[in-house]
Amino acid sequence: MTSTAPDRWGLPLGLGAFLLWGAMPLFFPLLEPAGALEIIAHRIVWSLVFCLVLLAATRSLEAFVAVLRNPRALGLFAIASALIIVNWTTYVYAVLTGHVLDAALGYFINPLLTVLLGIVVLRERLRPAQWVALGLGAAAVVVISTGVGGLPWISLVLAGAFGLYSLVKNRVGRGVDALPGLAAETAVATPFALAFLGWLAVTGAGTFSIQGTGHALLLMACGVVTGLPLLLFSAAARRLPLSVVGMLQYLTPVLQFLLGLLVFDEHMPTTRWVGFALVWVALVVLTVDATRASRAARLAAVGRTTVDPAL
């Protein structure tokens, strides 16, 4: 008899993934004086090394090779790679330049932008509550733009790049596991990253070989910092209901918000508080609506099963 009890490791794995992602603003300042582009180049290269080691250890290299031999999948992963590099670069730049709160706002906005992409790209029809949430999100951007003297471009680029990345991964990732997928994304970008790091070394602008062993090891650790939370998330997603995963995802921007406010002491004017509050209300509306829609779908499915004369 198969047990239907929830997997006791699901929640700890999910918490580990989202807490690690949320704590990343504490890691990237340790890599200075390396700039954002150098950090991203190392992140790409060492992520591929980390993935290849794990693929070899789990005897899953065949899945990675299969992706490389599939032109359509490889093309989509190349697009995903470009999008996630834009996201990574913007995020590291935000952390290194004192814009952790803007990064947090970007990840709060991301679920709203995902809904918007559903309208524009997938031609989905929205429920009234989803329109309300989008309206609140738009109002938040207007309020924050007014208060800080311009669009919160870091937040919008982060949310936009990750939203499009998620859309592409949704199309290609259904038949590819997380680890071979990440390996494929980084493999596509690695030649460019290596070329950039080589140029930095030749011109003397790189920091890998001139800032000491500790600094070099920290740059190499970018691979583990990138890959570990993704693997934890992948393991958790297979063990937890989607509704629980959806709620856990807010831990990352909440922790980033607290770090920006309390640790990095970033300025939080009244208009920014109002903007964040509007986004939080929008997320509550979106979450409540999604929960109700999911419950209604389950009840409808049970009703159909109950009256089905073929059963």
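When Leu151 is evaluated against the numbered criteria (1) at pLDDT 80 or above; (2) part of a helix (DSSP H, G or I); (3) not hydroxyl-bearing (Ser, Thr, Tyr), which criterion, by number, is the only one it fails? Of (1) at pLDDT 80 or above; (2) part of a helix (DSSP H, G or I); (3) not hydroxyl-bearing (Ser, Thr, Tyr), only one is false for Leu151: (2).
Selection within segment 208-233: residues that are hydroxyl-bearing (Ser, Thr, Tyr) and either surrounded by 20 or more Cβ atoms within 10 Å (Cβ to Cβ) or modelled with pLDDT under 90 (or both). The member of this set that is nearest to the chain's Cα centre (by Cα) is Thr226. For segment 22-103, the helices (runs of 4 or more DSSP H) that sit wholly inside it and include 3 or more residues that are in contact with a helix residue (DSSP H, G or I) (Cβ under 8 Å, 6 or more places away or on another chain) and closer than 30 Å to Val141 by Cα are 36-57, 71-96. Look at segment 257-271: where a residue is among the β-branched types (Val, Ile, Thr) and a partner is at pLDDT below 95, sitting 6+ places away or on another chain with Cβ atoms under 6 Å, you get Thr271/Val143; Thr271/Gly147.
Kindly indicate whether any position in segment 39-62 is of a type in the set (Gly, Ala, Ser), surrounded by 23 or more Cβ atoms within 10 Å (Cβ to Cβ) and either more than 25 Å from Gly160 (Cβ to Cβ) or out of contact with any Gly (no Cβ under 8 Å at 6 or more places or on another chain) (or both). Within segment 39-62, one or more residues are of a type in the set (Gly, Ala, Ser), surrounded by 23 or more Cβ atoms within 10 Å (Cβ to Cβ) and either more than 25 Å from Gly160 (Cβ to Cβ) or out of contact with any Gly (no Cβ under 8 Å at 6 or more places or on another chain) (or both). Considering Leu240, Leu232, the condition of being touching a Gly at 6+ places or on another chain (Cβ under 7 Å), of a type in the set (A, V, I, L, M), under 29 Å from Val176 (Cβ atoms) and not in a helix (DSSP H, G or I) is satisfied by Leu240 alone. Scanning segment 239-262 for residues that are more than 16 Å from Trp21 (Cα to Cα) and modelled with pLDDT of 85 or more gives Leu261, Leu262. Please verify whether segment 209-218 includes one or more residues that are within 26 Å of Gly16 (Cβ to Cβ), of a type in the set (Gly, Ala, Ser) and free of Cβ contacts under 8 Å to residues at least 40 places away in the same chain. Scanning segment 209-218, I find at least one residue that is within 26 Å of Gly16 (Cβ to Cβ), of a type in the set (Gly, Ala, Ser) and free of Cβ contacts under 8 Å to residues at least 40 places away in the same chain, so the answer is yes. Applying a threshold of 7 Å to beta carbon distances and a minimum spacing of six or more residues, or different chains, the list of pairs starting in segment 139-160 at a residue that is in contact (Cβ under 8 Å) with a residue 24 or more places away in the chain and surrounded by 15 or more Cβ atoms within 10 Å (Cβ to Cβ) and ending at one that is of a type outside the set (Asp, Glu) and not in a helix (DSSP H, G or I) reads Val141/Pro152; Ile144/Pro152; Gly147/Pro269; Ile154/His99. Is it true that some residue in segment 121-132 is surrounded by 14 or more Cβ atoms within 10 Å (Cβ to Cβ), β-branched (Val, Ile, Thr) and in a helix (DSSP H, G or I)? The answer is yes; a qualifying residue exists. For segment 256-276, the tally of residues that are among the charged types (D, E, K, R) and buried (at least 16 other Cβ atoms within 10 Å of the Cβ) stands at 2.
Any residue in segment 186-201 that is within 23 Å of Val53 (Cβ to Cβ), in contact with a Cys (Cβ under 9 Å, 6 or more places away or on another chain) and either exposed (fewer than 14 other Cβ atoms within 10 Å of the Cβ) or touching a residue at least 12 places away in the same chain (Cβ under 8 Å) (or both)? Yes - at least one qualifying residue is present in segment 186-201.
Quick check: anything in segment 111-119 assigned to a helix (DSSP H, G or I), among the polar types (S, T, N, Q) and closer than 22 Å to Met268 by Cα? Can you show your working first?
We begin by selecting, within segment 111-119, every residue assigned to a helix (DSSP H, G or I); these are 111-119.
Right, trim to among the polar types (S, T, N, Q) and you get 114.
Now restrict to residues that are closer than 22 Å to Met268 by Cα: none.
No - not one qualifying residue is present in segment 111-119.
The values are calculated or read from the model by the stated rules, or taken from the named source; none is laboratory data. Computed from a predicted structure; not experimentally measured. Here the Cβ is made from the backbone with ideal geometry for all residues, glycine too, and neighbour counts use every protein chain on show.
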